[in-house]
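A.B. asks: A single structure is presented below for examination.
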Amino acid sequence: DVKVTQSSRYLVKRTGEKVFLECVQDMDHENMFWYRQDPGLGLRLIYFSYDVKMKEKGDIPEGYSVSREKKERFSLILESASTNQTSMYLCASTGRLGDYGYTFGSGTRLTVV
Amino acid sequence: AQSVTQLDSQVPVFEEAPVELRCNYSSSVSVYLFWYVQYPNQGLQLLLKYLSGSTLVKGINGFEAEFNKSQTSFHLRKPSVHISDTAEYFCAVTNSGAGSYQLTFGKGTKLSVIP
């Protein structure tokens, strides 16, 4: 079964900490995405990557950065966590959209205190 | 660029009643359309998709959707809902051109099934 694995289901961090969210896919997909999900706002795209070492800003990149050193791994970095970054973070990947659309990870619920 | 509007943010329905979740899209080119479901504290999983061919698409868990090009809609339906269908549902669109890899999502509809 194809999978996107997010390293943590729940995280609690302190304001100002540097936070790493990891995402790994085993489908050899070129394209990977990070979203945050907040009540009433739906899914908002933070960053995406269409190839190793390539990245593109999404709709809300401020306060975040990403790293993609290997095809299967896409990391989201909160440089200095703030309380307004408390959210559900979802990673997704896709090869050809017509095959499966996106495959999503289970999500990481991050709380910044 | 595409956009997706899910007309209802919340839909309550009694168990065993039928339900329709509405989705309208905007695009100047041919599209692929998707419905995803998200159970509490989980990621999204694919319910069904429309790529081409028959406009009536059947998915998992007894759901189906109908693509209507003239009305630019892709409404999701189920004839009889179960408690376990309580979840949030997302409609998504992308253009069908080669090389397209980015989905545009609606804001979601929360379906609450009442016993």
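The values are calculated or read from the model by the stated rules, or taken from the named source; none is laboratory data. The shown structure was predicted, so the numbers you read here are calculated from the model rather than taken from an experiment. Here Cβ is always computed from backbone atoms with ideal geometry, including for glycine, and neighbour counts include all displayed protein chains. Side chains are part of the model used for accessible areas, which takes the heavy atoms of the whole protein and leaves out ligands, DNA and RNA. Shrake-Rupley method; radii C 1.70, N 1.55, O 1.52, S 1.80 Å.
A.B. asks: Looking only at region B:20-63, count how many residues are open to solvent by 50 Å² or more (accessible area, probe 1.4 Å), at pLDDT 95 or above and either in a strand (DSSP E or B) or within 25 Å of A:S93 (Cβ to Cβ) (or both).
C.D. replies: 3
A.B. asks: Can A:Y102 be described as open to solvent by less than 50 Å² (accessible area, probe 1.4 Å) and either touching a Cys at 6+ places or on another chain (Cβ under 7 Å) or more than 8 Å from every other protein chain (Cβ to nearest Cβ) (or both)?
C.D. replies: Answer is no for this residue.
A.B. asks: So if I check each of A:Q25, A:Q6, A:Q85, which one is away from chain B (no Cβ under 13 Å), out of contact with any Pro (no Cβ under 7 Å at 6 or more places or on another chain) and under 25 Å from B:Y39 (Cβ atoms)?
C.D. replies: Unique residue meeting the criteria: A:Q85.
A.B. asks: If you go through region B:56-79 one residue at a time, how many are touching a Lys or Arg at 6+ places or on another chain (Cβ under 8 Å) and free of Cβ contacts under 8 Å to residues at least 24 places away in the same chain?
C.D. replies: Qualifying residue count for the region: 4.
A.B. asks: While we're here: If you scan region A:57-73, which residues turn out to be within 20 Å of A:D28 (Cβ to Cβ) and of a type outside the set (A, V, I, L, M, F, W, C)?
C.D. replies: A:S67, A:R68, A:E69, A:K70, A:K71, A:E72, A:R73, listed by residue number.
A.B. asks: I've got another one for you. Quick one: in region B:1-19, which of the residues that are touching a Pro at 6+ places or on another chain (Cβ under 9 Å) and not hydrophobic (A, V, I, L, M, F, W, C) is least open to solvent (accessible area, probe 1.4 Å)?
C.D. replies: B:E15
A.B. asks: Only one residue in A:Y64, A:Y100 is of a type in the set (F, W, Y) and at pLDDT below 90, so which one is that?
C.D. replies: Within the list A:Y64, A:Y100, the selection yields A:Y100.
A.B. asks: Please go through region B:96-115 and give me each residue that is over 27 Å from B:A17 (Cα atoms), more than 7 Å from chain A (Cβ to nearest Cβ) and touching a strand residue (DSSP E or B) at 6+ places or on another chain (Cβ under 6 Å), ordered by number.
C.D. replies: B:S96, B:T104
A.B. asks: Here's something else I'd like to know. Quick one: which strands (runs of 3 or more DSSP E) sit completely within region A:1-96 and have at least 3 residues that are crowded, with 18+ Cβ neighbours inside 10 Å?
C.D. replies: Working: elements: A:4-6, A:10-13, A:19-21, A:23-25, A:31-38, A:42-49, A:64-70, A:73-78, A:87-94.
The strands (runs of 3 or more DSSP E) meeting that bar are A:23-25, A:31-38, A:42-49, A:64-70, A:73-78, A:87-94.
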